[in-house]
Each structure stands twice: as structure tokens, then as C-alpha cells.
1. I need the full set of residues from the range 232-251 which are surrounded by 20 or more Cβ atoms within 10 Å (Cβ to Cβ), of a type in the set (A, V, I, L, M, F, W, C) and touching a residue at least 40 places away in the same chain (Cβ under 8 Å), in order please.
2. Could you tell me which residue of the range 278-290 is nearest to Ala323 (Cα to Cα), considering only residues that are surrounded by 14 or more Cβ atoms within 10 Å (Cβ to Cβ) and of a type in the set (D, E, K, R)?
3. For the range 422-442, enumerate the residues that are more than 16 Å from Ser152 (Cβ to Cβ) and assigned to a loop (DSSP other than H, G, I, E, B).
4. Here are the criteria: (1) in contact with a helix residue (DSSP H, G or I) (Cβ under 8 Å, 6 or more places away or on another chain); (2) within 16 Å of ligand 2 (Cβ to nearest atom); (3) assigned to a strand (DSSP E or B). Tell me which single one Ser307 does not satisfy.
5. Somewhere in the range 403-411, is a residue at pLDDT 95 or above, surrounded by fewer than 17 Cβ atoms within 10 Å (Cβ to Cβ) and not hydrophobic (A, V, I, L, M, F, W, C)?
6. Just to be sure I understand, how many residues within the range 56-89 are surrounded by fewer than 19 Cβ atoms within 10 Å (Cβ to Cβ) and either in contact with a Gly (Cβ under 9 Å, 6 or more places away or on another chain) or outside any helix (DSSP H, G or I) (or both)?
7. Would the range 269-277 turn up any residue that is surrounded by fewer than 22 Cβ atoms within 10 Å (Cβ to Cβ) and within 16 Å of ligand 1 (Cβ to nearest atom)?
Amino acid sequence: MTEQTHPRTYRVKSFGCQMNVYDGERMAELLAEKGITPAPEGEEADLVVLNTCHIREKAAEKVYSDIGRLVKAGRAAGKEPMIAVAGCVAQAEGEEIMARAPAVSMVVGPQAYHRLGDMIDKAVAGERATDTDMPKNAKFDVLPQRRKVGPSAFLTIQEGCDKFCTYCVVPYTRGAEISRPFSDLLREAETLVEAGAREITLLGQNVNAWTGTDDAGRAVGFDGLVKAIARLPELQRIRYTTSHPMDVTDGMIAMHGEVDKLMPYLHLPVQSGSDRVLKAMNRSHTAEGYLRLLERFRAVRPDIALSGDFIVGFPGETEAEFAETLALVDAVKYAAAFSFKYSPRPGTPAAAMDGQIAREVMEERLARLQDALNRDQLAFNQASVGKVCEVLVERRGKRPGQWLGKSPWLQSVFFESPAAIGDLVRVELVEAGPNSLAGRVL
Ligand code: 5AD
Ligand code: SF4
């Protein structure tokens, strides 16, 4: 690699989950602190951070093609962009990336990106650097304060995973489960509200595994944290994602009936409706156990919108077992859901299991599952018509005079009365489509 000039502009491209979006925002704040500014729309940036996701499909191949595209676009614009690969592919395949892609100046894992500034200095001096250390919580102590955020902001409270579902790469890329300290989280939540947030979504791979101690040294569970954050006067709404059935506590269920600011929405992945498949996945819950949990949430918050994740075509999944997933979907009636074809992840136990399912079979099952999930999502939206609720205004819609916000149930709602971003407006939901609703401001 040749010596490079210090980058003046940056672009962070985040793929994958909401935690990557959060990490991407924090990297952008760090770059801004170093005096590097966001590249104007349509202009090649001096520094591009590819904040990658490794959870499914050909993640690494996509990174190499993105790198190729950046080099080509840079050349056309007469520059050699500085490229940083961050995120979970960086963690899993850092050395290979360095070996295969000479255009990459630095590889930085999800627990090390607070050192990005130093790595840029090294790159300017012509030195390539890889940092995939996993120091616990270190980045949170040194990242710059958050100054300006939108009305709906993310706050990572917990990272990593100890569950080791047999298909999943996360325990290897994000490391062991760690909880951020209670006082740090309250402080960051306060900063977010001062910076413009009206809604905070608490993030974690297993957000409800969070534990901590309060200022008096007493143990606090996830529900205690939610209640403490809800006490911030100017904060209007709290959400959280993603939860694991195994870490659901009585307190967590009860808080849905107690905390007004907590939105009636629960994302609780199930993955499969077959107990044999769940066991092979190492999910530690049965289909019946999962359904019973949902009933308890519904008992305290009858209007709660339920969402889940599904994998079809896990090794050995039979047609009858897949039918059990469809039956579970019919029983739950999800408001929203994410469903995926099983994708073997290198190094995970399931990748080496017998009975890998043919692509066509997976595609056919996924199509049937998504038909059912789409049907239920539309039905949920249609059942919302006539309800009066508050919508948090997030941005302008595509049409002139149109605004877009979120209902308490995380539905996108369009409306046409004048509003300002960050307002909570009272609307009647008047029309429903599969992915959004129309509202009339009252
Ligand atoms: N193949 C397909 N889907 C996966 N997920 C995680 N790992 C895999 C995999 N190897 C899905 C799960 C998880 C979501 C974030 O991604 O449904 O809940
Ligand atoms: Fe992956 Fe399972 Fe952990 Fe979720 S709980 S991050 S699916 S290992």
C-alpha cells in the first residue's frame, strides 16, 4: 500500500442488524470528532467504512465485490479511497481480507472500532492494520458523546451471545454476552434525549439477558433498567430488541402492563415450530413453551404486536416438521416477522450436520411461510383501522406534504397534515396496506 493523504470525507455503509446501524453511527461520530466530514451525496468519499454482516448468505463474497466497486469508482473519480472493513465479517475473516484485498487499509472488529482513529493515522503512514481484539466494553468508555440524533435512537445495552444456537455465527463474531453498566446506560440515554431522541430502542443480541447493579449496589434486571430509563421526563417511548425466550422473566412480562412509555411490541424469535428441530438448533425452548410465554405477554398487554424470526430448511427439517412451523404461525398471528433460508456458516455445528436441505426445497418452504406471515401482517394492519393512536414523526414521505412516522405497534403510518420531525401526533388509522397504514391527524 502506498502512503495516503489524511481523509477529509467519509462514508459508513452498514449492513445487517440494528446493532450494526448503531455501531455505524458511533463510528461516524468518531470520524467527525477527527475532523472528517460526511461525503456529499453522489461524491466518492476519501474514507469508506464497510460495516459488514456475517449472519447469512455469501457475506464475504459481497465484501470483496463491494471493495472492487469502490476501487473502480475511486479510480474513475481520480482517487484511491481509503477502505476500512468493519463489522462481523471483519471479525471472522480479517486475515483473509487483508491477504486477498490489497486495497483494504484496515480491518476492525465490532469490539475494537473505537481505535479506528489510530488506524487511520497508521494508514496515512502507509501501514495496514488489523484489530479484532475483544476487550469487554472498552469502546463504550472512549467513544465521543452523542450530540445529534433523530427522534428514534438506538442504545446498545448488551452485546454478544452465549447461547450458541448451532446455526449461528454471532457468538464467534460478537463474542461472549456482556452487559453495559447501569449508570453508563442512564447517562447515555440522557445524552440521547438531550440530542433529540424521543424514542429509544434498547439493543442487544439477547437484550433481555442484560443485568447490572444500580448506584446503591443493588442488582437490577432488564425490567429495572427499562423502568429507570422510562423515568427520563422528555423521553416518550421505549422499545427493545432482540429478546431470547430463555431470558424472559416475570418482571419483563409484567413491565408491559406497568410502563406506559414501553411500546406494545415484542420481537421474540422462535426459529421453528418443531421441537426436534429446536433441539437440534440448541434453542432451549419448545414450541409449546414459546406459545405459553406469548400468552403471558398478551395477558398483561392484550394489544401487544408480536414479531419473530424463522429459519426454514435447517439440516434434517422434514416436510412434517416444517408444517409444525406453519401451525405455530397460525396459532400466534404475528404482526411482523423475519424469515430466512438456512445458510451454513463456516465453523458452526449445523454446517457440518447431515441432511443439508436442497435450495429448491428451502425456497419453496420459505415462499409458503412468507405467504402465511404476509397474510397475518396484513390482517394485523387491517385490524388496526379505526384505532386512534400516537405516531412519532420520523421523516417526510415521498409525496409532497406527506409525513411518515411509527405507530405504537411499529407500523409505518403516512399522513398529510403539517408536522415536525420528532412530534407525537394523534391520528386515526384509516387505511391499511401490507407494509404501512394511512392516518388522519385528529
Ligand atoms: N441461516 C439463516 N438464518 C440465520 N439467522 C441466524 N443465523 C442464520 C443462519 N445461519 C437468523 C435467525 C436469527 C436472525 C437474526 O437471523 O433467525 O434470529
Ligand atoms: Fe445467534 Fe442464537 Fe445467540 Fe441469537 S441466541 S445471536 S440466534 S446464537
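1. The one that is surrounded by 20 or more Cβ atoms within 10 Å (Cβ to Cβ), of a type in the set (A, V, I, L, M, F, W, C) and touching a residue at least 40 places away in the same chain (Cβ under 8 Å): Val248.
2. Lys279
3. Gly433, Pro434, Asn435, Leu442
4. (1) is the only condition that Ser307 fails.
5. Within the range 403-411, none of the residues are at pLDDT 95 or above, surrounded by fewer than 17 Cβ atoms within 10 Å (Cβ to Cβ) and not hydrophobic (A, V, I, L, M, F, W, C).
6. The qualifying residues number 7.
7. yes
Table: residues versus (1) assigned to a loop (DSSP other than H, G, I, E, B); (2) among the small types (Gly, Ala, Ser).
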| residue | (1), (2) |
| --- | --- |
| Ala383 | no, yes |
| Val391 | no, no |
| Glu394 | no, no |
| Pro400 | yes, no |
| Gly405 | no, yes |
| Trp409 | yes, no |
| Phe414 | no, no |
| Ser417 | yes, yes |
| Ala420 | yes, yes |
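The values are calculated or read from the model by the stated rules, or taken from the named source; none is laboratory data. All figures in this text were calculated on a predicted structure; none of them were measured in a lab. Glycine also receives a Cβ, built like all others from the backbone with ideal geometry; neighbour counts cover every protein chain displayed.
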